[in-house]
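Worksheet: the structure to be examined is printed underneath.
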Amino acid sequence: MAYRGAVFDLFGTLVPPFPAREHEAAAAEAAAMLGVPAATLSGVIHAKYLDRITGGYREVGDYVTEAAPGATPDQVAAAVARMTEFLRAALVPVPGAIETLTALRAAGLRLALVTNCGPDAPGLWTQTPMAEFFEVTAFSCELGTAKPAPAIYQHAIDGLDLPPAELLYVGDGSDHELTGAAALGLTPVLVTVDLSNTFDTERADVATWTGLRVDGLPGVVPIATASQGVLDLAVS
Ligand SMILES: [Mg+2]
């Protein structure tokens, strides 16, 4: 099978799993800045997860204000800055990510990002060293639809303008993302990661997975380029 493109998940795939302990610590500090109990801000953040990742909030300040309606603009700004710093620190490439993206691009593959994320992620993503490798980005918060719904994958497929059968989908299995990708005809690859410090530790796509699997991102390169190697042998 000749793969001409790869679609990547973000958290747990290109960067570490969304870090639960660091998130709760940042939310507690932000809540203190707002003058509300930590559980109040954390409660809104978790209760409104689906709204946050599907465009229900235009910016972080909107749900911070919902948690602390009496906060001053300066308090809200400080809390937003703390949560933004948390996410910036979470968007650091995992070991091997840049090398993998470099190798895939060198092999001629075109790359797309498909991520379930809140409204602060797209702006921070563009500041990471990963962004330049990707032709297409599909952020759930901007599209108003999240994995595993077909529309978010279709946005990436349309942007790459490649047949789904020629696309890999690489992810750590949150949100039924692998079965969602397979349903559209992409070839899913599970990246196995340590799930001890994230929120969704029980994942159906991980527990029952029988498809392609890699222990680290560099393992994607031979999968993506295997047929090219066969072709090289055939003509040599
Ligand atoms: Mg993930």
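The values are calculated or read from the model by the stated rules, or taken from the named source; none is laboratory data. None of the values given here were measured: they were computed from a predicted structure. Backbone-built Cβ (ideal geometry, glycine too); neighbour counts: all protein chains shown. All accessible areas refer to the heavy atoms of the entire protein, side chains included, with ligands and DNA or RNA removed. Shrake-Rupley method; radii C 1.70, N 1.55, O 1.52, S 1.80 Å.
Taking the dipole about the Cα centre of the chain, with the C-beta of Lys and Arg at +1 and of Asp and Glu at -1, give me whichever of Ala151, Val64, Phe139 is farthest to the positive side.
Farthest towards the positive pole: Ala151.
Taking only Cα atoms of the stretch 75-213, what ratio of Rg to Rh do you get with Rh as the Kirkwood inverse-distance radius?
On the Cα set of the stretch 75-213, Rg over Rh gives 0.96.
Please give the peptides 219-226, 200-207, 113-120 ranked by average Cβ packing (other Cβ atoms within 10 Å per residue), highest first, as a rough proxy for protection.
113-120, 219-226, 200-207
Placing +1 at every Lys and Arg Cβ and -1 at every Asp and Glu Cβ, with all other atoms neutral, what dipole size does the stretch 20-90 have around its Cα centre, in debye to the nearest 20?
Computed charge dipole of the stretch 20-90: roughly 120 debye.
Which of these, Leu104, Leu124, Leu168, has the largest mean-square fluctuation under a Gaussian network model of the chain (Cα springs below 10 Å)?
For the chain, modelled as a Gaussian network with Cα springs under 10 Å, the answer is Leu124.
Could you work out how far helix 20-34 tilts from the main Cα principal axis of the chain, as a 0 to 90 degree angle to the nearest 10?
Once rounded, the angle reads 30 degrees.
Going by amide H atoms built from the backbone, whose H comes under 5 Å of the H on Arg213, apart from near neighbours?
Leu190
How are the Cα pair distances of the stretch 20-90 distributed, in percent, across 5 Å bins from 0?
Result returned by the calculation: 3, 19, 31, 28, 16, 2.
So, with a 1.4 angstrom probe, what is the percent of accessible area on the chain that is carbon and sulfur?
Carbon-and-sulfur percentage of accessible area, whole number: 59.
Put +1 on the Cβ of each Lys and Arg and -1 on the Cβ of each Asp and Glu in the chain; which of Pro122, Thr179, Thr198 then has its Cα farthest toward the positive end of the dipole?
Thr179
Can you give the translational diffusion coefficient of the chain in µm²/s, computed by Stokes-Einstein from the Kirkwood radius over Cα pairs at 25 °C and 0.890 mPa s?
133
Toward the positive end of the charge dipole of the chain, about the Cα centre and with charges on Cβ (Lys, Arg +1; Asp, Glu -1), which of Val76, Thr100, Ala2 goes farthest?
Ala2
Heavy-atom accessible area per residue, the stretch 20-90, 1.4 Å probe: how many Å²?
49
Note down the magnitude of the dipole of the chain about its Cα centre, charges +1 on Lys and Arg C-beta and -1 on Asp and Glu C-beta and zero elsewhere, to the nearest 20 debye.
180
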